[in-house]
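Below: the structure, in structure tokens.
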Amino acid sequence: MEKQKLRGIRYILFAAFFFALMNLFVKAAGDLPVWQKCFFRNLVAGLIATGMLIKKKERVEIGKGNFKYIAIRCIAGTAGILCNFYAIGKMNIADASMLNKLSPFFCIILSIFVLKERPNKKEVAAVVFAFIGALFVVKPSFQLECIPALLGVLGGFGAGLAYTCVRKMGKNGVRGDVIVFCFSVFSCVSVIPGVLLTYEPMETKQLLSLLLAGAAAAGGQFSITAAYSHAPAKEISVFDYTQVIFAAILSFIVFRDLPDIWSFVGYTIIIGTAVWKWRVNQKEV
């Protein structure tokens, strides 16, 4: 059992690194429309998911009662990516990554409505402290400069709603590869009108950056799926926050970009809350 847990931790660290790398490549692509970035990022994942289904020769079955959840997962997930990519283009990568990592705390709130699960007092406290930490990262003001950060928070909400629906479908027996396939196809097709309306010609290095972002995203998806197949989420999910550390290191190496002191305060509060919640879950096992 301990060996399985260590494998789960190893895989989730790989996932965190791949997703930090994805954000780096998205930012390296420059000031392209978010529709364009989203399309090419999901194109690679879509092709890989399609190839896996063809290789398995299995039918794409969602099952009765799951269509509304797959629809919400696709719409919320795509909206979350668009918001996250916009934030990445305008903010420090580590800040944008941290705001996206509010998704587990949104899951606690959304589970009330989707899964009919009532949070306990400790989970409510975790949500409150996480959003206090987010305020230090967002630095809310009445100026336009805070819009990317607010969209970053919205991206975290979209991801949280998407993950909650994935959990619901998992409980209903929907296969993970089917969920990934549906999301990848939807996220590619749905942004095509935006791509056509706002398309900007790309240099070779920009196209390469977006394709590498897609490859890194696929690596992250496969790694995180492997992680949770080896160990329960409540035992290893806290290690996913290493993405923020990887993002800060990569951002500094490539762009010489460092978060400010208030962002570090926010990171400490949010990650500290996540660690505290993880330790509580460990004691309750």
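Can you check what the net charge comes to around residue 227, using other residues whose Cβ is under 11 Å from the Cβ of residue 227 (Lys, Arg +1; Asp, Glu -1)?
Values: positive: 5, 7, 10; negative: 235, 240.
Summing Lys/Arg as +1 and Asp/Glu as -1 gives +1.
Close amide H contacts of residue 257 (hydrogens built in the peptide plane, cut-off under 5 Å, sequence separation of 5 or more or a different chain): 252. Site pair residue 139 and residue 59 shows an inter-label distance of 5.6 nm when each label is modelled 7 Å from Cα along Cα→Cβ.
With the highest mean first, a sort of the peptides 35-48, 122-135 on other beta-carbon atoms found within 10 angstrom per residue produces 35-48, 122-135.
Show which lysines lie in cross-link reach of residue 139 when reach means a straight Cα distance below 22 angstrom and same-chain residues fewer than eight apart are skipped. Of all the lysines, those that pass the test against residue 139 - Cα under 22 Å, at least 8 places apart if same chain - are 27, 90, 101. Taking max minus min of the alpha-carbon positions on each principal axis, the stretch 36-153 gives extents of 51, 38, 19 Å, largest first.
Averaged over residues, the count of other Cβ atoms within 10 Å places the peptides 212-220, 143-151 in the sequence 212-220, 143-151, highest first. Relative to its residue count, the stretch 12-66 spans a Cα convex hull of 130 Å³ per residue.
Would you please give the FRET efficiency between residue 226 and residue 31, computed as 1/(1 + (r/R0)^6) with r the Cβ-Cβ distance and R0 = 41 Å, to the nearest 0.05? Between residue 226 and residue 31 the formula returns 0.75.
Subtract the Cα-Cα distance of residue 47 and residue 189 from 0.36 nm times their separation in residues, and report this length gain in nm to one decimal.
Values: separation 142, 0.36 × 142 = 51.12 nm, distance 1.27 nm.
Full extension of this stretch gives 49.8 nm more.
Translational diffusion coefficient of the chain at 37 °C, 0.692 mPa s, Stokes-Einstein with Kirkwood Rh over Cα pairs, in µm²/s as a whole number. Translational diffusion coefficient: 171 µm²/s.
Full extension of the chain segment joining residue 5 with residue 128 gains 41.4 nm, where the gain is 0.36 nm per residue of separation less the Cα-Cα distance. Of all lysines in the structure, the ones whose alpha carbon falls short of 21 Å from that of residue 68, not counting any fewer than 8 places away in one chain, are 116, 168, 171.
On a 1.4 Å probe surface of the protein chains, which of 240, 31 comes out largest in accessible area, and what is the full order?
Details: 240 20, 31 125 Å².
Sorted descending by solvent-accessible area, the residues read 31, 240.
By its C-alpha gyration tensor, with a ≥ b ≥ c as the square roots of the eigenvalues, how is the stretch 222-285 shaped: rounded for a/c under 1.5, else prolate for a/b larger than b/c, else oblate? Here the stretch 222-285 falls in the oblate category. Helices of the chain meeting both criteria, an alpha-carbon length of 20 angstrom or more along the long axis and an average Kyte-Doolittle score not below 1.6, with helices taken as full DSSP H segments, are 121-138, 176-190.
The values are calculated or read from the model by the stated rules, or taken from the named source; none is laboratory data. Worth saying up front: this structure is predicted, and the values here are computed from it rather than measured. Reconstructed Cβ throughout: ideal geometry from the backbone, glycine too, with neighbour counts over all protein chains shown. Areas reflect the complete protein model, heavy atoms only, side chains present, ligands, DNA and RNA absent. Shrake-Rupley method; radii C 1.70, N 1.55, O 1.52, S 1.80 Å.
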